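Asker: Structure incoming, see below.
Laboratory data are not the source of any read-out in this text; all were calculated from the coordinates shown. The model shown is predicted, which means the values in this text are computed figures rather than measured ones. Cβ placement follows ideal geometry from the backbone for every residue including glycine, while neighbour counts extend to all protein chains displayed.
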Amino acid sequence: MLDRFGPRAGRRNVNFPNDELFRRAFLKPCEAIRSNVGLLIFEFSRFYPSDYEHGEQFVTDLDRFFCGLPKGWPYVVELRNKHWLQPEYFACLAKHGGHTRFQLMERHAARKRANDASWQSHES
């Protein structure tokens, strides 16, 4: 369970992760357009020790979540915790036919700053 943000900030999100809710509220409505669906990306912000003390705990939750999902959908997990890219994580994805995408936010932020600076110099 992770803390919520916004108006529900500070309250635990008891639905993280909830495979039954995901199947019912997301996958079921997508069935009608399934042939047009590319990837289903589970994009996670950076996790902190207050969320998961160790990456293994996340992998356990991810495995439990994927065990409850139907096969045949193209799942991708996007992480921002590079030290969690361990054999257990990749084994979990392989077990469920998923893939990974790693987003290093510091690199993204540096690229954005460089682009912003470039645009500003062109506007002068």
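Asker: Scan region 41-89 for GluC sites (Glu not before Pro) in coil per DSSP, keeping those whose Cβ has at most 13 other Cβ atoms within 10 Å, and list them by number. Can you show the working numbers first?
Answerer: Details: sites: E43, E53, E56, E78, E88; in loops: E53.
Sparse-neighbourhood loop GluC sites (Glu not before Pro): E53.
Asker: Once you list every other residue whose beta carbon is under 13 Å from the beta carbon of E20, what net charge do they have if Lys and Arg are +1 and Asp and Glu are -1? Intermediate results must be reported in sequence, preceding the final value.
Answerer: Values: positive: R23, R24, K28, R64; negative: D19.
Net charge around E20: +3.
Asker: Which far-off residues, 5 or more places away or on another chain, put their amide H under 5 Å from the one on F42, with H placed in the peptide plane?
Answerer: Distant-sequence amide H within range of F42: V76, V77, E78.
Asker: Return the FRET efficiency for the residue pair F26, T60: r is the Cβ-Cβ distance, R0 is 22 Å, and the value is rounded to the nearest 0.05.
Answerer: Values: r = 22 Å, r/R0 = 1.00.
The computed FRET efficiency comes out at 0.50.
Asker: Net charge near N81: determine it from the other residues with C-beta under 10 Å of the C-beta of N81, scoring Lys and Arg +1 and Asp and Glu -1. Walk me through the numbers before you get to the answer.
Answerer: Values: positive: R46, R80, K82; negative: D51.
Around N81, the charge tally is +2.
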